[in-house]
Structures are given as C-alpha cells and as structure tokens.
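Here's the structure, in structure tokens; my notes come after.
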Amino acid sequence: MANTSDILFYALLLFIWFLTTFLFRYLLKQRKISNNKQIRHPPSPPSLPIIGHLHLLSSVASKSFQTLANQFGPLIRLRIVSSSVVIVSNAAVAKEFLKNNELNFVSRPQFGAADFNIYAGSEFVNAEYGTYWRFMKKLCMTELLSVPQVNRFADIRRQEMVKLLEILVGCSEEGKACNLGVELMTMTNNIVSRMAMSTRCTPGLDESKLLWEFVKEILEIAPKFALGELFGPIGKLDLFGYGKRVKNLFSKFDSLVEKIMKEHENDSSSSKKERKDIMAILLEIHRDEKSEVKLSRTDIKSFLMELFMAGTETVSVALTWTLAELINHPKVFDKLREEINTVVGSKRLVQESDVPKLPYLQAVVKESLRLHAPAPLIFRRCGEDCKINGYDILANERIAFNVYAIMRDSNSWENPLDFLPERFLVGSKDSTYDHYQMDIKGQNFNIFPFGSGRRGCPGASLALAVVHSAVALLVQCFDFRYQGGEKIKMDEGSGLSAGLAHPLMCYVTPHVNPLTLVANETK
C-alpha cells in the first residue's frame, strides 16, 4: 500500500498543475531561431494544457517512452509540465548524438533543487564538462577504478561473496525463503564500502548502519525529489518534504565520512600500505600541492557518495535480474552450470580468474544487461543549438537515451524480448549481427548498458567483475525455487534503476556445499 506521503504527493499534483499555469505560460509559445524561421522540433504526441504529456507516462518511464516511440518515431520531444525532454529510442539516432556530435552532448542536466544538496558544485557524475570533470574522470580511469586497482581488491570481493554463500546455506538449513535482492545489495554495498573506505556496511553495526540506511533511503527518495524539477520554481518550495529528507541524509553521510577521513589521516601507516583504498588515494591528492586540481574535503565526500549511489544499486539490480532470468530459464541455468563444472570442476569454487574461460557465463551476463540495463535512461544536455536528423535540438535541451528500448529494438535484435544468451556466442543463429564481438562498454550503440563515450560509466570493470563472479558462484553452488510459484514475474519497478517490481524471494538448496569447498581452499 502507498504510504501517506505518496498519497499526498499524487493528491496534490492537480493543484500544482493549475498553480503552474501562470508561471509557465511562455512554454505554450513557440520559440523562434535567429533567422526568424520556425524551429522544427522533433515530433510530439498530442499534449494537454499545463501538464503537457504527463498523462502519457506510467511509473516506469522507460516503458512509456518506448510505447510512444513505437507510435511517433525514434526521436520525439515531450513536454512534462514546465520541462521538456527529447527522447532517443534507436541505435542509429543515438549514434548521431553520442558519437557524431558527442562534444555537443557531453554534459548532463541537473535534477532536483540544488538548495537541498549539500554537495552542489562538487558533483562528478553530473559535473559540467570541464577541467574538474576531466581531472576526476582521468583519476577514475588511471587510479580509483582502473583495472589494476579493481584487481587489487579481488580478495575483498571474494570474501564478501563467501559471506553471501554462508547466508544462503543458513537459509537452506532453516528451510526459509531468502530475499535474494536484499542479500545481493548487502554484498555489493560491503564490496563498495571496503574498496572505498575499508569499512563494511552491515546492518546492525553502529556506524556502518548509517551508511546502509543512507543508501536505501536516498535511492527511494531520489526519483521523487527529482520530480520537483517538473514544477520549476515551485519545486524549490519542497511541498512534500523530500528535499529536506535528502539534505538530512546527506548530512548524516557527511558526518560519518568526515569521521572515517580523520581516522585515515591519523593512521600513520596508511600512506605506506601497498593497497590503498579510494579514500586514501583521494586524501593524498587533497594534500598534494602540485595536483592539477585541488580537491576539497567536500569534493571527496561527494565522490564517495556518488560511488555508493552508483555502485550499490546498479550492480545488485543487475545481479538480481540475471538470477531471475536464470531461474525462469532452467535450460540456460543447467547449460551454464555444465560449463562451470567442465572448466572449474567440483573440488573448488569458481574464481574471477576463471571468467575469461567461461564464454557462456559472459553471454548470459551480456544478455541480461541487454534486457535489463541498470540505468534504463541515460541523460545528456545539449550544449549549442544544432540539427539532428533534420530536427532542431536547442541549447540546454535535455536528451534522454532510452537504453531500455534501444536494446530491445527489433531492427537490431532477432526475438528481442527473449532471453537468449546464445546470440552472443560464435556460430549462433544470431551471429549474423556479430553480437559475440560486441563491446558492451559503449562502443556499439545496439548495446551500451554502461553509457557511451566520455561520459561512459568509469566503474564498468568493477561492475562486470562482481556480476560475473557472483552469478557463477550462485549457479555453481545452489538450486533456486521461487517462493511465489514456478515463474518469477519479470515486471520492472519504478525508480532510477527499474529493478524487479517484486522481491526475489527464493528457497535455496545447495547443489554442492560451498562451505566445504571454502574449507578445502584454506587447507
């Protein structure tokens, strides 16, 4: 059932619509370009006064945009109360924006009132394309989230995955269903926390509990907070209190991270450690007078906040969708287990170093990411007026790339709605598309779950390392039975990452005893 704040939120929408009539009347007038010719906007569905196209959208925006694209084309423009957005829904058009005109669309729009963001001006993810953003991106790719840095923490990921296996064995022994989505989020949260600050985020432990609660609450509030953007200046009034809640959560996070930063600074051995966590690296740059960019303590906290936001939910959502698809497709599940048994055997647990020798595992993960992108919508902002496919795209216009629709486009994929990992294997029936050669980190616009180009996700290597290893371990060690029946309902929920709408509650039965294999490894 909806909570009271949600009921009030939707009940007051009508009131806000009418209140914005006088404030945003200018949106009903068509703009003229400098040569007095009428602007040729991308096509739009019929709209209503005041609310524009809001009535055409459901709680899962990516699906609504896909439906509209099927009717009005792969490049459309929507007006939602006081905001407008251009929606891109196929690979060819996406390429025009993200490759052929990349520098004009390299910046991202801001969402939510900056008045409630204590880190406003220090963001990396949504920073303006400039010196600070380029410095942080280079730092991510060479140090913070580079492949060598990710590899240095392989043992941390292994330890957290073994803890997950122990929890599932415990659920099996007790005969109770396990909420796999929650356990997977706990695992990814712990991995990110240990890599970032050498701290585990386990619910029930004092300081760590604050981090855990922060991640859960901010991910719940963020979409509602961002909706205030639709109502322009009225959004700054924070009529539903989401801005205040966001500010309070950020303040709690800030206090906790400041305490951990001081502990790092007081640890005289931290600078001598062979493996430094992300906070230690950032603090070194903070103290470096010769650094190209002087990082403030606020910059460091903001980056860590974004790392938790991006690294926890997106990876756990990708894992949850992949496991759900495997449970719903037992033949695929069995084929993957057979590959693991053939390559790894039955006397040890699969390791990250085994992944390159497991092509079907890689195909399963690619196919899951194709159907269920952790970020179904990718946003950019137009720098200067330009033309794309004959249409005028205006400066500061927001662009939403509907990755959900692009990666399910029948013009790019045979049987696009089917879960078919074989399409990514050499010699498959679908190999006419050369899918098995496809890079999924942004070089191919038929499948780019991690974004593309300069703004591509710098944490893609870490995400893939976690997803590949965790999926392999779970398939190797357990059989799963969904609590709600034979088939899992594959409905997308609302929210930034559009995870499963319903909890993934499963009974687990060990196929092999992971604890025995772990014990054998330590002998």
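The values are calculated or read from the model by the stated rules, or taken from the named source; none is laboratory data. Nothing here was measured: the structure is a model prediction, and the numbers come from that model. So basically every Cβ, Gly included, is an ideal-geometry build from the backbone, and we count neighbours across all protein chains shown.
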Residue count, region 103-127 (criterion: in contact with a strand residue (DSSP E or B) (Cβ under 7 Å, 6 or more places away or on another chain) and in a helix (DSSP H, G or I)): 2
Unique match (being in a loop (DSSP other than H, G, I, E, B) and not small (Gly, Ala, Ser)) among His502, His468: His502
Number of positions in region 443-464 that are assigned to a helix (DSSP H, G or I) and surrounded by fewer than 20 Cβ atoms within 10 Å (Cβ to Cβ): 4
Hey, Phe240 at pLDDT below 85 and farther than 30 Å from Ser368 by Cα or not: yes
Qualifying positions in region 43-78 - of a type in the set (Ser, Thr, Tyr), surrounded by fewer than 18 Cβ atoms within 10 Å (Cβ to Cβ) and in contact (Cβ under 8 Å) with a residue 24 or more places away in the chain: Ser44, Ser47, Ser59
Matching residues in region 468-502 - criterion: being over 29 Å from Ile340 (Cα atoms) and without any contact (Cβ under 8 Å) to a residue 24 or more places away in the chain: Asp491, Ala501, His502
Qualifying residue in region 74-93 (condition: outside the structural domain of Ser47 (by TED's automatic domain parsing), more than 27 Å from Val466 (Cα to Cα), under 24 Å from the mean Cα position of the chain (by Cα) and at pLDDT below 95): no
Answer residue from region 363-394, given it is out of contact with any helix residue (DSSP H, G or I) (no Cβ under 8 Å at 6 or more places or on another chain) and either aromatic (Phe, Trp, Tyr) or surrounded by fewer than 21 Cβ atoms within 10 Å (Cβ to Cβ) (or both) and is nearest to Pro42 (Cα to Cα) among those: Tyr391
Residue satisfying condition, being within 30 Å of Asn513 (Cβ to Cβ) and either assigned to a helix (DSSP H, G or I) or not assigned by TED's automatic domain parsing to the domain that holds Asn179 (or both), within set Thr298, Thr342, Thr314: Thr342
Tally of residues being modelled with pLDDT of 95 or more and polar (S, T, N, Q) across region 474-521: 2
Residue within region 95-102 that is in a loop (DSSP other than H, G, I, E, B) and either surrounded by fewer than 17 Cβ atoms within 10 Å (Cβ to Cβ) or in contact (Cβ under 8 Å) with a residue 12 or more places away in the chain (or both) present: yes
Filtered residues of region 40-69 (kept if aliphatic (A, V, I, L, M) and not in a helix (DSSP H, G or I)): Leu48, Ile50, Ile51, Leu57, Val60
Region 130-146, residues that are within 15 Å of Leu295 (Cβ to Cβ) and in contact (Cβ under 8 Å) with a residue 12 or more places away in the chain: Thr131, Tyr132, Phe135, Met136, Lys137, Leu139, Cys140, Glu143, Leu144
Of all residues making up region 367-399, the number that are under 30 Å from Arg423 (Cβ atoms) and either under 15 Å from the mean Cα position of the chain (by Cα) or assigned to a loop (DSSP other than H, G, I, E, B) (or both): 13
Of all residues making up region 185-223, the number that are of a type in the set (Lys, Arg) and either touching a strand residue (DSSP E or B) at 6+ places or on another chain (Cβ under 8 Å) or at pLDDT below 70 (or both): 2
Residue that is modelled with pLDDT under 95 and under 27 Å from Asp491 (Cβ atoms), where the choices are Phe419, Phe448: Phe448
Candidates Ser469, Ser431 - the one that is polar (S, T, N, Q) and modelled with pLDDT of 95 or more: Ser469
